[in-house]
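> Sharing a structure, written as structure tokens. Questions coming.
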Amino acid sequence: MRQQVDITQTGGVEYNTKIIVIIVVFLILMLPAPVSMDTTEFRKRGKEMVDYIADYFEQLDKRQVYPDVEPGYLRPLIPDCPPQDPETFEDVLKDVERIIMPGITHWHSPYFFAYFPTASSFPALLADILSGGIGCVGFSWAASPACTELETVMLDWLGKMINLPEEFLAGKDSEGGGVIQGSASEATLVMLLAARTKTIRRVQSENPELTEAHIMSKLVAYASDQAHSSVEKAGLIGGVKIKNIPSDDKFSVRGSALNKVLHEDRAAGLIPFFFCATLGTTPCCSFDRLLELGPICNKENIWMHVDAAYAGSAFICPEFRHLLNGVEFADSFNFNPHKWLLVNFDCSAMWVKKRLDLTNAFKLDPLYLQHSHQESGLVTDYRHWQIPLGRRFRSLKMWFVFRMYGVKGLQEYVRKHVKLSHEFENLVLQDKRFEICAEVTLGLVCFRLKGSNELNEALLKSINDARKIHLVPCHLREKFVLRFAICSRTVESVHIQFAWKHISKLTTELLKAQDKQQP
């Protein structure tokens, strides 16, 4: 009897367990299946995303160029934690419009005239999709041969487009070559570090008793007082002194100014080793005098790096190529196709005359990164040309854009922007209330109201508060100046005319309000 009871109880437990399992399985089956985007789903959603981006560009002139949000606006719109269960693509895309777009400054709007242009084109966007899809990490030739070799060829193409001296091109037997960096800031830092290493080794070979620390304490680098802040930042990271060379009345550094500072510093026991010349400064697009500066740097054994981040794109046009004269004296040169050459960010082109001066500063070769072709002399491993190890297949963007626009198409694009900048300059000159503050050479106009800095600060505030157009300022010889940069791929004369009428109207209102406040 005791045994019968146990069997019955056991059978009941087994029966109940089966029921529970069935219920659990049923409940699991009732749950929504995890979203896994297979190729079929990707095709569908990819087309929807392309449509969304195309619509964005078509309607961009109707969006407010500058966002009307306060710091911290986004956090309350998003849950504190990520979702436990998958959400749909439709929900995500809806939230792009609801959450993301209200906080976007629309850099590609035809009413965006701030900073400098950031390039964008449909061929470049398509190339970026392909780059992301391939997903290679091209730190060495073996890691993806096409990624390395196309970059080498594209930098040669681009160098030839701006008529860069042969020594900077990779070619077949050259000592130089080009590489894509993430930004001009990276390029300046990389070249400063390369120059630092080269100088330390040279000084130690001449004076073996000197320690690296002692030499480092004596090193000094130079740049224009109009140079980008990234040069100063490179000095901070590189642990060396940076000195600004005074610019002339056209905001250009001259040879005499550099010579004066070099003489003083050598007399003080310092070791000048690096000079960053700027072609197209950020404040006002001025140009340092390479033909004067280059021979001095060569004579004094100073590495001359040329930063043409914005202006470099214009050198594809023969009429602007003279601005690059003197680059033959440089050790390295850099500009950003991702600013003005329709190749979207990030794509900063950098060339060096002697690549061993660069790679000797960065070369480390652990076994796991080595490959059988690296000593052949026929391949480039770009991990030795940069600070990061990994790199994306960025040269695809250049290849697509150069082929689908052609050199003539790119030249027309640059010339159109320059023409529009002169159109705006002429509008300013016709209004006696304003003054032009620097020579208009390319696509930037620096202007201000005749009057105090405070008056111009108030004008800029009223312009940006209205959110019809967007501008940023600079200081030129202690003057607060408004910068008007031609930026958008889609900007036309009608947008320039609108911008000026808007500025003129706000100026009239500002001056009337000021007159009322005066006793």
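> How much FRET efficiency would the formula 1/(1 + (r/R0)^6) give for M404 and A146, where r is the Cβ-Cβ distance and R0 is 22 Å, rounded to 0.05? It would help to have the intermediate numbers written out before the result.
Numbers: r = 19 Å, r/R0 = 0.86.
E(calc), rounded to 0.05, equals 0.70.
> What does the highest-first list of 322-329, 407-414 look like by mean Cβ count within 10 Å?
322-329, 407-414
> Here's a follow-up. For segment 301-308, just list the computed ³J(HN,Hα) in residue order, Karplus coefficients 6.51, -1.76 and 1.60, θ = phi - 60°, integers in Hz, with x standing in for Gly and Pro.
These are the phi-based 3J(HN,Hα) values: 6, 10, 5, 9, 9, 10, 9, 10 Hz.
> Counting Lys and Arg as +1 and Asp and Glu as -1, each charge on the Cβ, what is the dipole of the chain about the Cα centre in debye, to the nearest 20?
Details: 58 positive and 61 negative charges, 184 e Å.
Around 880 debye, computed over the chain.
> Let me ask another. With angles folded into 0 to 90 degrees, how steeply does helix 290-299 sit against the dominant principal axis of the chain? Use alpha carbons for both and round to 10.
So the helix axis and the longest Cα principal axis differ by about 90 degrees.
> On to the next question. Take H502, project a point 7 Å from its Cα along the Cβ direction, then tell me which residues of segment 427-461 have their backbone nitrogen under 14 Å from it.
Residues passing the 14 Å test: 460-461.
> Looking at F329, V494, V96, which one has the Cα that reaches farthest to the positive end of the dipole of the chain (charges on Cβ: Lys, Arg +1; Asp, Glu -1)?
Farthest towards the positive pole: V494.
> In whole Hz, with x marking every Gly and Pro, tabulate ³J(HN,Hα) for segment 55-66 from phi via Karplus 6.51 cos²θ - 1.76 cosθ + 1.60, θ = phi - 60°.
4, 4, 5, 5, 9, 4, 5, 8, 7, 5, 5, 10
> Between the helical axis of 229-238 and the dominant principal axis of the chain, each derived from Cα atoms, what acute angle in degrees is found, rounded to the nearest 10?
Value to nearest ten degrees: 70.
> Using helices alone, I'd like the mean residue ellipticity at 222 nm for the chain: each DSSP H run of four-plus residues gives -39500 (n - 2.57), total over residue count, nearest 500. Intermediate results must be reported in sequence, preceding the final value.
Numbers: 15 runs with 235 residues, N = 519.
It lands at -15000 deg cm²/dmol.
> Suppose R0 equals 35 Å; then what is the FRET efficiency for E435 and S256 from their Cβ-Cβ distance, rounded to the nearest 0.05? Kindly include the intermediate steps, with their values, before the conclusion.
Numbers: r = 28 Å, r/R0 = 0.80.
My answer for the efficiency is 0.80.
> Report the extension gain between V494 and Q517 in nm, rounded to one decimal, defined as 0.36 nm multiplied by the number of residues separating them, less their alpha carbon distance.
Working: separation 23, 0.36 × 23 = 8.28 nm, distance 3.50 nm.
Value of the extension gain: 4.8 nm.
> Extending each Cα 7 Å along its Cβ direction at V92 and S36, get the distance between those two points in nm, one decimal.
1.6
> For M101 paired with E58, estimate the spin-label separation in nm (one decimal), with each label point 7 Å from Cα along the Cα-to-Cβ line.
Going by the 7 Å Cα→Cβ label model, 1.3 nm.
> Using a 1.4 angstrom probe, figure out how much accessible area the chain has per residue, in square angstrom, rounded to the nearest whole. Intermediate results must be reported in sequence, preceding the final value.
Numbers: 26560 Å² over 519 residues.
Averaged over the residues of the chain, the accessible area is 51 Å².
> As an exercise, identify the GluC sites (Glu not before Pro) in segment 192-236 lying in DSSP coil whose Cβ has no more than 15 other Cβ atoms within 10 Å. Can you show the working numbers first?
Details: sites: E206, E209, E212, E232; in loops: E209.
Those that pass, being in a loop and sparsely packed, are E209.
> Which far-off residues, 5 or more places away or on another chain, put their amide H under 5 Å from the one on T441, with H placed in the peptide plane?
The list, which skips near neighbours in sequence, is empty: none.
> For the chain, what is the percent of antiparallel DSSP beta bridges, rounded to the nearest 5? Present the calculation step by step, with values, prior to reporting the outcome.
On the way: 22 of 41 bridges.
Counting only bridges with both partners in the chain, antiparallel ones make up about 55 percent.
> Could you grab the relative contact order for segment 399-519? Cα pairs under 8 Å, six or more apart, rounded to a whole percent.
Numbers: 126 pairs, mean separation 27.3, N = 121.
Relative contact order, segment 399-519: 23 percent.
> Taking 0.36 nm per residue of separation and subtracting the Cα-Cα distance, what length does fully extending N325 through D249 add?
Working it through step by step, the gained length comes to 25.3 nm.
> Apply the Karplus parameterisation 6.51 cos²θ - 1.76 cosθ + 1.60, with θ equal to phi minus 60°, to every residue of segment 399-407 and state each ³J(HN,Hα) to the nearest whole Hz, in sequence, with x for glycine and proline.
Once θ is set to phi - 60°, the couplings for segment 399-407 become 4, 4, 5, 4, 7, 8, 9, x, 4 Hz.
> Calculate the length of the line joining the C-alpha centroid of segment 479-515 to that of segment 281-322, in whole Å.
Cα centroid of segment 479-515 versus Cα centroid of segment 281-322: 30 Å apart.
> Which value, in debye to the nearest 20, describes the size of the charge dipole of segment 187-242 about its Cα centre when Lys and Arg Cβ atoms bear +1, Asp and Glu Cβ atoms bear -1, and nothing else is charged? Display every interim value, and only then the final one.
Details: 7 positive and 5 negative charges, 22 e Å.
My answer is approximately 100 debye.
> Ok, one more. Students often forget the sequence filter, so: which lysines lie under 30 Å Cα-Cα from K516 once same-chain residues fewer than 8 apart are removed?
Cross-link targets: K432, K450, K461, K468, K479, K501, K505.
> Once amide H atoms are built 1.01 Å from N in the peptide plane, which residues 5 or more positions from D225, or in another chain, come under 5 Å H to H?
I245, S247
> If each of E423 and K233 carries a label point 7 Å out from its Cα toward its Cβ, how far apart are those two points in nm?
Here the modelled spin labels are 3.4 nm apart.
> Next question. Given a 1.4 Å probe and the protein chains all in place, what does the accessible area of K419 round to, in Å² to the nearest 10?
150
> Show me the chymotrypsin sites (Phe, Trp or Tyr not before Pro) within segment 44-84 that DSSP assigns to loop and that have at most 15 other Cβ atoms within 10 Å of their Cβ.
Values: sites: Y52, Y56, F57, Y73; in loops: Y73.
Those satisfying the criteria are Y73.
> Could I ask something else about it? Find how many whole Å separate the alpha carbon centroid of segment 377-409 from the alpha carbon centroid of segment 144-180.
The two parts, judged by their Cα centres, are 9 Å apart.
> For the Cα atoms of the chain, what angle does the longest principal axis make with the long axis of helix 184-206, in degrees from 0 to 90, nearest 10?
The two axes meet at around 60 degrees.
> How high is the FRET efficiency between H214 and K363 when r is their beta carbon distance and R₀ equals 25 Å, given to the nearest 0.05?
0.50
The values are calculated or read from the model by the stated rules, or taken from the named source; none is laboratory data. Just so it is clear, the model here is predicted, and its values are computed rather than measured. Note that each Cβ is placed from the backbone with ideal geometry, even for glycine, and that neighbours are counted across all protein chains shown. Side chains included, ligands, DNA and RNA excluded: accessible areas come from the protein's heavy atoms. Shrake-Rupley method; radii C 1.70, N 1.55, O 1.52, S 1.80 Å.
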